[in-house]
Structure formats: structure tokens, C-alpha cells
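Below: the structure, in C-alpha cells.
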Amino acid sequence: MAPGREVREIADTALIRSVAERLAKARGVEEGLADILPLLIRFLGSDFGAFLVRRESGWIVVGRGAAEAFYRTLPRSTRLVARATPIVLSGVPDRLSALRESREESPDAVALPVHVKSRRVGYGVFGTDNGAAPTHRTLHLLDIVGAQVGAFCENAIRCEQAETDRDRLIRANEELGWLLRFNESLHANVDADSMFKWLSREIERFVPVLGIEMVSLTGKSVVRVGSAPGTKVPADEERRVVSLKCSEALASRYRIDAPAAGFKEKWFECLVGSDSNRPVTARRRVETPLLHTGQVVGFLAVEIPASFQDGLFIDRLIASVAGQIGLFLQKNADREKMRSLADHDALTGLFNYRSFQEIFDREFERFYRHGRNMSLMLLDLDNFKRINDTFGHQAGDLALREVARILRANLRKTDHAFRYGGDEFVILMAETDAEMAAVFAQRIRTAVKLEVRGIPLADFSFSASIGIADCNRLTSRDRGELLLLADEALYLAKNGGRDRIQVAPGRLACAVGNDKSAAPLFLRSVLPEVRVVRGAV
């Protein structure tokens, strides 16, 4: 073998070994291609070189040298990547032409195919030495290097794809776990407020949340707004602005007419981060409708930084819970409706007898533990049977609704009004003695006589009789005695001429809050006569 040929073979072998070693140490496609570029440029005597490798997301272009404009234009050439054999390039960058090994023109660059077996994955392009055409040995060597680079790129891309798939799988598992916890929270949280606070905290685990808002139209229209701790609660005027924006959003995007005046605003400090620690940044609003059986029952909106990269992820995350939230809101509204039907009288809208028993027990227990007085009123409509017999039961129902309206208008927020049965009503007044209760009773009695509308009263007047008793008049620890006292007072009011108020007299001699017990000490054992209050008190 000629010495010159032996030297060339040794040099070729050294080049192939160096390329293999550098590619083996590389941690990615770009790093590996950048490491072998100097070797090939020096071997070919070029002043520039570039690799173009196709991936699923597009081209990888790694270049070295002065002719950057040249290899940046290469992905535009469809003829360049269509050749199946080593090619020689000739022409200018904007009009590239691919030629076979031709000695008719002096080439500007030589291209080596980067391939895996027979599948082409890219090209390497290197400038030629003073326009000299590469030899057959050089082209053969470049074909071997192209196979090395192709195998490296294939393995590296597969490893990157595996890492990407692993990261995607981890994120998918996190999403599924979060959705499972969210579904469990819907069963644990019995009201929409608790669910909203939980949702706000959990979304922050995946994305920086600058603000969150949920509008629900099931039952009462409510807009819930989440903010960071320490955020100033807006004034009434700002709250109305929020309701107005929600109303406009529903009308413009979902064609739902929801007046702003009908919204109730709720603000929660449920976000973990602090607005004061967050830099001022542009925001992006991600919004999705809340659906139930195809109907829009509200919407959920999350504000995130505009610079957040994975925007599709937060869109997918919020959309995945929208259906569950819509179903929860509808079920919660149905539950509240059933509870209201169970606790309220269907005709008057007041609490019913069942609710009276529960609230009476609670209020009497408060009196028993803390010694806070409570009054009970029994109201009975006079000559109510005559109304039904004369004008029909529809007129009687109207009269009952009018009385219920008067009770709601004249009682305090801490008082409770009940329809006890038929034409009888009960009013519980916490922390109120009988004398003070009589003042309220007089207002009610007068309003019933003057304000009941819609009933012809030519032959008789519409009136009510009221009996009152408070807990300081009890002689035992039985709450039923309080009801009996008020009932006795009402009985005497009826027998005394109707349209009047009667209060059980006297004050119980008891020691409330003594050393031995906080419960009252009941001393009397007999029920005295009641005091009659005629007309105004």
C-alpha cells in the first residue's frame, strides 16, 4: 500500500473515531452536532458548515462559520432534501440547484446525507476549498459520517421524545390525581363557597393565579371572587362594577339575561400568593362556561400572567372541571330548594312547624345555658273561618300570605316567624322580654287590621289576637311551659273580645349565672293569671 494512501486511511479512521467519541459524549442533538462541526470543517478545509436535521417539531439548524445567511436559507430548498445520494451544490442562496457529481461547474458547497439506513433525516452542508470538487473518497467518507450522525440523531431524538413523554405522563398523572381530589372535594364540601375556596388554592399548584372568579346562576345569582390575603375588600360601588361586568359577560358571550342588581357578591381571601410580592405584569384571562345538561349555569374565569408558557394546559385544566362544577352547583341549588321546601310553609313562605321545633329547641337551650331571655308570641286571626266560608278558601289563602308579609316587614333579623298551623302563627324573639315583645306585637296587630288587602271587609273587620310570654315567667325547665303560657294568654285574649294583646304577668324570681350553675333557678310552681292589654300597649 502506498504511504500516501495509508496516511489518508489513518486520517479517515481517526476522523470517524473522533466523530463517534464526540457524539457519544453529547447530551443532545444540538450539542453533538456543534461538537463535530469543527472536525468536518477542518477536514474539508471549509470556512463554514451547517447541519440540518428534521424533527417532529421542525428543522434543527446548527451552523458554524461566516456564511450564516447561506445555511439559514437551506430549509427553504425542497430539492436539497429530496436527493438520495451525496450531492454537490452550485448557485446562490436564493436559487439553489442540486447537481450530481459534476465537473462541469465549480461547486460552492458539498452536502452529506444524514440518514438512518435508507431513511433520510437531514443533511450536512460544508463549503468547498476554493471551488474544487470533492473527491470520491471524500464523498464516501462523508457518507459514513452521515450514517454516524443519523444514528446519533435518531437515538438522541428518541431519548428526548422519551423524556418528553415521561414528563407528559407525570403531568397527566398529576392532573388525574388533582381531578380525583377535586371530585372527592365536591362530596366533602356541602356548599359552593367551600368548593370555590378549595378550587382556588388547588389551581395555584399548577399555575400562578393572579385572580379567580366564579359566577353561578343556579338558585340565587352569585359572583364569587378570590384574592390573596391582605387584599382590601372593595367598597359597594366597586362590587356593583363587578356585578355589572358579569352581567355584561353573560349577555354578550352566552346570551343570558342576568341583571346586575340580582347578583350577590362574595369575596374570599383564598389565594396563597400575595399580590404585593408579585411584579406588575400583563394578565391573560382564561374563561370557560359551567354547563349542566347543555345549559350554561355560570362561568369560571382565572387570571394568569401573560408570560405563562403552557397556556393550553391551564385551558385544559379549567375546561376539565367545568362540567363537574356545573353539576355540583345545580345539585347544590336543588338541595337548597328541597331544604327550603322542607323547612318552610309552601303557602306563606314562613318557617313551618318542623322548623319551629328545631329553632325553639336551639333558642331555649341558649336561654338555659346563658340566661338570655326569650319571648314567644302566639298570633291567631279572628273570625278566619268566616272569611273562608264567605269569600272562599282563595281569599283565606290571600289573607294568610298578607299576614306573613306583615310579619316579615315588622320583625328583626334575629326574630323567627312560623306558621304554626291553620290561621295560627308563632314568633320567637331572642333576648327580648315580654314587655318589649308587646311593643312589636302592637305594630303587628295594627298592621294586620289596616294593611291586609284584597279581601272585601264590608260586613266585618279583619283582626288578630296575640298572646305573649317570656322565659322569665317559667316555673320549670320544660320549654313546653313557655308555649302553654302564650297559648293561655291567647285563649284569654280571644275570650276577652279579640283584636287585643295579652301578656303573661309577673317576673320569675331566679338567680341567673350563680356560682353553682349558669342555668336559671326556677322557684315558682303555679301559673298565675295573665295580664290583659287592650288595644295599644
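The values are calculated or read from the model by the stated rules, or taken from the named source; none is laboratory data. The model shown is predicted, which means the values in this text are computed figures rather than measured ones. Cβ placement follows ideal geometry from the backbone for every residue including glycine, while neighbour counts extend to all protein chains displayed.
Below, the figures for the structure above:
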| read-out | value |
| --- | --- |
| Qualifying positions in region 1-58 - modelled with pLDDT under 85 and among the small types (Gly, Ala, Ser) | 2, 4, 11, 28, 45, 46, 49, 50, 57, 58 |
| Every pair of residues 6+ apart whose Cβ atoms lie under 6 Å, when the first sits in region 180-200 and is under 17 Å from residue 334 (Cβ atoms) while the second is polar (S, T, N, Q) and part of a helix (DSSP H, G or I) | 192/332 |
| Conditions (1) among the acidic types (Asp, Glu); (2) in the same structural domain as residue 284 (by TED's automatic domain parsing); (3) crowded, with 17+ Cβ neighbours inside 10 Å; number of the one not met by residue 380 | (2) |
| Failed criterion for residue 386 (all others in (1) surrounded by 13 or more Cβ atoms within 10 Å (Cβ to Cβ); (2) touching a residue at least 40 places away in the same chain (Cβ under 8 Å) hold) | (1) |
| Scan of region 201-238 for residues that are part of a loop (DSSP other than H, G, I, E, B) and hydroxyl-bearing (Ser, Thr, Tyr), ordered by number | 218, 221, 227, 231 |
| In region 495-514, residue modelled with the highest pLDDT [restricted to those that are surrounded by 16 or more Cβ atoms within 10 Å (Cβ to Cβ) and farther than 13 Å from residue 468 by Cα] | 499 |
| Near pairs, Cβ below 7 angstrom, 6+ apart or cross-chain, from region 313-328 (closer than 11 Å to residue 297 by Cα) to any residue that is in a helix (DSSP H, G or I) and modelled with pLDDT of 85 or more | 328/195 |
| Residue in region 315-332 that is part of a strand (DSSP E or B) and buried (at least 18 other Cβ atoms within 10 Å of the Cβ) present | no |
| Selection within region 222-260 - hydroxyl-bearing (Ser, Thr, Tyr), crowded, with 18+ Cβ neighbours inside 10 Å and out of contact with any strand residue (DSSP E or B) (no Cβ under 7 Å at 6 or more places or on another chain) | 247 |
| Residue match in region 349-357 (condition: within 14 Å of residue 218 (Cα to Cα), in a helix (DSSP H, G or I) and touching a residue at least 12 places away in the same chain (Cβ under 8 Å)) | no |
| Residues of region 318-370 satisfying the condition of being of a type in the set (Lys, Arg) and under 30 Å from residue 212 (Cβ atoms) | 331, 335, 337, 339 |
| Flag for residue 265 being on the phi < 0 side of the Ramachandran plot, assigned to a helix (DSSP H, G or I) and acidic (Asp, Glu) | no |
| Number of positions in region 306-334 that are modelled with pLDDT under 85 and among the basic types (Lys, Arg) | 1 |
| Failed item in (1) outside the structural domain of residue 480 (by TED's automatic domain parsing); (2) part of a helix (DSSP H, G or I); (3) under 29 Å from residue 428 (Cβ atoms), with residue 346 passing the rest | (2) |
| Verdict on residue 200 being modelled with pLDDT of 85 or more, in contact with a Gly (Cβ under 7 Å, 6 or more places away or on another chain) and either over 30 Å from residue 115 (Cβ atoms) or polar (S, T, N, Q) (or both) | yes |
| Residue in region 463-471 that is in a helix (DSSP H, G or I) and either buried (at least 16 other Cβ atoms within 10 Å of the Cβ) or modelled with pLDDT under 90 (or both) present | yes |
| Residue satisfying all of: in region 149-192; closer than 30 Å to residue 37 by Cα and among the hydrophobic types (A, V, I, L, M, F, W, C); nearest to the chain's Cα centre (by Cα) among these | 162 |
| Count of residues meeting criterion [touching a Lys or Arg at 6+ places or on another chain (Cβ under 9 Å) and either at pLDDT below 85 or surrounded by fewer than 17 Cβ atoms within 10 Å (Cβ to Cβ) (or both)] in region 337-364 | 6 |
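Condition check ((1) at pLDDT below 85; (2) touching a helix residue (DSSP H, G or I) at 6+ places or on another chain (Cβ under 6 Å); (3) outside the structural domain of residue 228 (by TED's automatic domain parsing)) across all residues:
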| position | (1), (2), (3) |
| --- | --- |
| 101 | yes, no, yes |
| 104 | yes, no, yes |
| 118 | yes, no, yes |
| 123 | yes, no, yes |
| 142 | yes, no, yes |
| 148 | no, yes, yes |
| 156 | yes, yes, yes |
| 183 | yes, no, yes |
| 195 | no, no, no |
